[in-house]
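*Asks:* The structure is given below, and queries will be raised subsequently.
The values are calculated or read from the model by the stated rules, or taken from the named source; none is laboratory data. Source: prediction; values computed, not measured. Cβ sites come from the backbone with ideal geometry, for glycine too, and all protein chains shown count toward neighbours. Calculation scope for accessible area: heavy atoms of the full protein, side chains included, ligands and nucleic acids excluded. Shrake-Rupley method; radii C 1.70, N 1.55, O 1.52, S 1.80 Å.
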Amino acid sequence: MTPAPPRRITRRVTTPSDAPAPALADLAEGFAAPDIETWVRLAQKGLKDRPLESLTGRTGDGVDSRPLYRAEDLACVASVRAAPAADRARPWDVRAVVDHPDPAQANRLALEALGMGAHSLLLRLDPTGCDGVAVGGQDDLDRLLDGVLLDAAPVALDAGLIGPQAANWLAVAAKGAPNAPLAFDLDPISAFAVSGQTPGAATGHLNAAAQAAARHAGAYPKASLFLASGRFAHEAGGSNAQMLGAGLASAVAALRALGDAGLSPADAAPRIALGLSLDQRFIEGIALMRAARLCWARLMAAAGIDPAPSTRIDVLASRRMLAVRGIYTNLLRQTAAGFAAAAGGCASMTLDPFTRPLGGANALSRRQSLTQQFVLMDEAHLGRVADPTGGAWAIESLTDQLARAAWAEFQRIEGEGGLIASLEAGALQSRVEAAREALVADIRSGDRPLLGVTLHAQDEASTVVDPRPDHTASSPDIRQAGEDSRCRPLVPVRLDLETGQ
């Protein structure tokens, strides 16, 4: 029997030119036209004896957060959206903290973090070994960076007042990689604000940092030079607007110092990163990120920089929100902060190990500080959409009001003579202290609860962290000319301790 020939299966391919236009469903069909009166009536019914005003919250900056927004509320709102990430597969730098006192052990942990997928490293340097790697010279840094490919794994510095010397050491370490995307991240003002003193004039330390930045700017064209950070205000209990306002004032101080060192504003501005801290209140965090772009654009316009460089925002998850009690709830707070940073379009994100309040880290907390980011990036795909909350009336309104409050704080600081002068006079400290008192009162009253601490308080089995052996290095001479500068220090706080929990 002769087999039948194979049956030819044909199908008509519809081209876009002859495809019928799809019918768009009217999703509002069958529903009554919405009106505010009906919403108010239903809301009041659900509230029973509570007033409608009880649905309105208030941020630490006095900005109202209402339950309902309408298009009319955005009539005068400006907005600056984040640009799409250049690399959608890696939209931000997953940054690992390296702060073990012993440079040799810190090197092992740095390589371990890179092996687990970290994109870059944040090196906290402290010759005393108390709050970072005990690095006091070139040999110490070389030991710390042994085996790290600087052109493939960006390295950022957090070196306080030894920043200019650390920048010199890093430049020497990277001399074979001129295209290395280093982050010198010089930031002497934050060190002054936290410690309350500088050996020699604080302005001298700022100028020394600018001279070091100008010296390395040409050799490392991809390097970030300064970090304009207001994190010290946040970690001391300040509000988001106070943090952003201080960051803007720090950027202005850096621009002026870099100008005196020979860099034009147009050359200097793209090489200044904005440093922010975000806590678990992710709606406010997203609005803060968007407000930062709005304020940065206005600052660039005021400085006559056209076209304005895009804002590079480096996010560090808040340390003040971390708690000893309910230690694993720190993971939830950090994930919320990371979500806000990613949705807000951060350039880099750093999550401390969730065991930080215990005085250190262990294998689990180090791994989780990276895994949390990989989940946000690779599973939640938060980097695939630029400004995903843009157009949401509540977010747009909060962004606008927060930007106005931050700009007002920035102008206040500038009116006080700039950031260093404001710190020396204690003016900024007074405002931050008032904000901290209000925040602690809200936590105690239950208006701004801390999960695992003031809400659903829980105690867990003790968690062990790796020991931090004593290890010190010789400190370089960092004294500058002039009398020592002093100010009332903005000491970092832990909110669980502030509330007595």
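*Asks:* Name the pairs whose Cβ atoms lie under 7 Å apart, with the first residue in region 256-269 and open to solvent by 50 Å² or more (accessible area, probe 1.4 Å), the second part of a loop (DSSP other than H, G, I, E, B), and 6 or more positions between them or separate chains?
*Replies:* That search, which allows pairs on different chains as well, returns Pro265/Ala303; Pro265/Ile305; Ala266/Ile305.
*Asks:* Mind checking which residues of region 41-53 are part of a helix (DSSP H, G or I) and either exposed (fewer than 12 other Cβ atoms within 10 Å of the Cβ) or not polar (S, T, N, Q) (or both)? Break it down stepwise before answering.
*Replies:* First pass over region 41-53, keeping only residues part of a helix (DSSP H, G or I): 41-47, 52-53.
Once the filter is applied, which keeps residues that are part of a helix (DSSP H, G or I) and either exposed (fewer than 12 other Cβ atoms within 10 Å of the Cβ) or not polar (S, T, N, Q) (or both), region 41-53 yields Arg41, Leu42, Ala43, Lys45, Gly46, Leu47, Leu52, Glu53.
*Asks:* A further question follows. I'm checking my understanding of the structure. Among residues of region 431-464 that are assigned to a loop (DSSP other than H, G, I, E, B), in contact (Cβ under 8 Å) with a residue 12 or more places away in the chain and aliphatic (A, V, I, L, M), which one is surrounded by the most Cβ atoms within 10 Å (Cβ to Cβ)?
*Replies:* Leu450
*Asks:* Next question. Considering region 415-424 alone, what residues qualify as being out of contact with any Leu (no Cβ under 9 Å at 6 or more places or on another chain) and either open to solvent by less than 50 Å² (accessible area, probe 1.4 Å) or touching a residue at least 24 places away in the same chain (Cβ under 8 Å) (or both)? Can you show your working first?
*Replies:* Kept after step one, since they are out of contact with any Leu (no Cβ under 9 Å at 6 or more places or on another chain), are these residues of region 415-424: 415, 417-418, 421, 424.
Scanning region 415-424 gives Gly418, Ala421, Glu424.
*Asks:* List every residue pair whose Cβ atoms lie under 6 Å apart, where the two residues are 6 or more positions apart in sequence or sit on different chains, the first residue falls within region 473-501 and is of a type in the set (Ser, Thr, Tyr), and the second residue, located anywhere, is surrounded by 16 or more Cβ atoms within 10 Å (Cβ to Cβ) and assigned to a strand (DSSP E or B).
*Replies:* Ser485/Thr198
*Asks:* Now for a separate question. Considering each of Thr38, Thr15, Thr56, Thr10 in turn, give the residue that is open to solvent by 50 Å² or more (accessible area, probe 1.4 Å) and at pLDDT 80 or above. I'd like the intermediate steps shown before the answer.
*Replies:* Numbers: Thr38 fails: open to solvent by 50 Å² or more (accessible area, probe 1.4 Å); Thr15 fails: at pLDDT 80 or above; Thr10 fails: at pLDDT 80 or above.
Residue meeting the stated conditions: Thr56.
*Asks:* Restricting attention to region 323-379, which residues are among the basic types (Lys, Arg) and in contact with a Gly (Cβ under 7 Å, 6 or more places away or on another chain)?
*Replies:* Here is the first cut: in region 323-379, the residues among the basic types (Lys, Arg) are 325, 333, 356, 366-367.
Correct list: Arg325 only.
*Asks:* Name the pairs: first residue in region 336-357 and more than 21 Å from Arg124 (Cα to Cα) and open to solvent by 10 Å² or more (accessible area, probe 1.4 Å), second residue part of a helix (DSSP H, G or I) and aromatic (Phe, Trp, Tyr), Cβ to Cβ under 9 Å, at least 6 apart or on different chains?
*Replies:* Going by the 9 Å Cβ cut-off, the qualifying pairs are Ala336/Phe282; Phe339/Phe282.
*Asks:* Considering only region 59-71, state which residues are of a type in the set (S, T, N, Q) and either at pLDDT below 85 or open to solvent by 40 Å² or more (accessible area, probe 1.4 Å) (or both).
*Replies:* Ser65
*Asks:* Checking the condition within 14 Å of the chain's Cα centre (by Cα), at pLDDT 95 or above and part of a helix (DSSP H, G or I), which residue from Phe192, Phe232 passes?
*Replies:* Phe232
*Asks:* Please go through region 130-139 and give me each residue that is out of contact with any strand residue (DSSP E or B) (no Cβ under 7 Å at 6 or more places or on another chain) and either among the basic types (Lys, Arg) or surrounded by fewer than 21 Cβ atoms within 10 Å (Cβ to Cβ) (or both), ordered by number.
*Replies:* Cys130, Gly137, Gln138, Asp139
*Asks:* Looking at Leu322, Leu276, Leu331 in this structure, which one is open to solvent by 10 Å² or more (accessible area, probe 1.4 Å), within 27 Å of Leu490 (Cα to Cα) and touching a helix residue (DSSP H, G or I) at 6+ places or on another chain (Cβ under 9 Å)?
*Replies:* Details: Leu322 fails: open to solvent by 10 Å² or more (accessible area, probe 1.4 Å); Leu276 fails: open to solvent by 10 Å² or more (accessible area, probe 1.4 Å).
When all the criteria are applied, what remains is Leu331.
*Asks:* If a residue must be open to solvent by 60 Å² or more (accessible area, probe 1.4 Å) and touching a strand residue (DSSP E or B) at 6+ places or on another chain (Cβ under 9 Å), how many such residues does region 188-209 contain?
*Replies:* Total meeting the criteria: 2.
*Asks:* Return yes when Asp466 is acidic (Asp, Glu), closer than 30 Å to Gly196 by Cα and under 28 Å from the mean Cα position of the chain (by Cα) and no when it is not.
*Replies:* On the way: acidic (Asp, Glu): yes; closer than 30 Å to Gly196 by Cα: no; under 28 Å from the mean Cα position of the chain (by Cα): yes.
Against the criterion (acidic (Asp, Glu), closer than 30 Å to Gly196 by Cα and under 28 Å from the mean Cα position of the chain (by Cα)), Asp466 does not qualify.
*Asks:* Still on this structure, I have one more. Out of the residues in region 84-133 that are farther than 19 Å from Asn362 by Cα and among the small types (Gly, Ala, Ser), which is modelled with the highest pLDDT?
*Replies:* Ser120
*Asks:* Return yes or no: is Ala212 open to solvent by less than 10 Å² (accessible area, probe 1.4 Å), assigned to a helix (DSSP H, G or I) and at negative phi?
*Replies:* On the way: open to solvent by less than 10 Å² (accessible area, probe 1.4 Å): yes; assigned to a helix (DSSP H, G or I): yes; at negative phi: yes.
So Ala212 passes the test.
*Asks:* Pick out the one residue from Asp158, Asp185, Asp151, Asp146 that is modelled with pLDDT of 95 or more and surrounded by fewer than 23 Cβ atoms within 10 Å (Cβ to Cβ). Break it down into steps so the answer makes sense when it comes.
*Replies:* On the way: Asp158 fails: surrounded by fewer than 23 Cβ atoms within 10 Å (Cβ to Cβ); Asp185 fails: surrounded by fewer than 23 Cβ atoms within 10 Å (Cβ to Cβ); Asp151 fails: modelled with pLDDT of 95 or more.
The conditions single out Asp146.
*Asks:* Here's a follow-up. Write out, first by first residue and then by second, each pair whose Cβ atoms fall under 7 Å of each other, whose residues are 6+ apart or on separate chains, and whose first residue, in region 85-103, is open to solvent by less than 30 Å² (accessible area, probe 1.4 Å) while the second is β-branched (Val, Ile, Thr).
*Replies:* Sorted first by the residue in region 85-103, then by its partner, the pairs are Arg95/Thr350; Val98/Val133; His100/Val133; Pro101/Val133; Pro103/Val133; Pro103/Val135.
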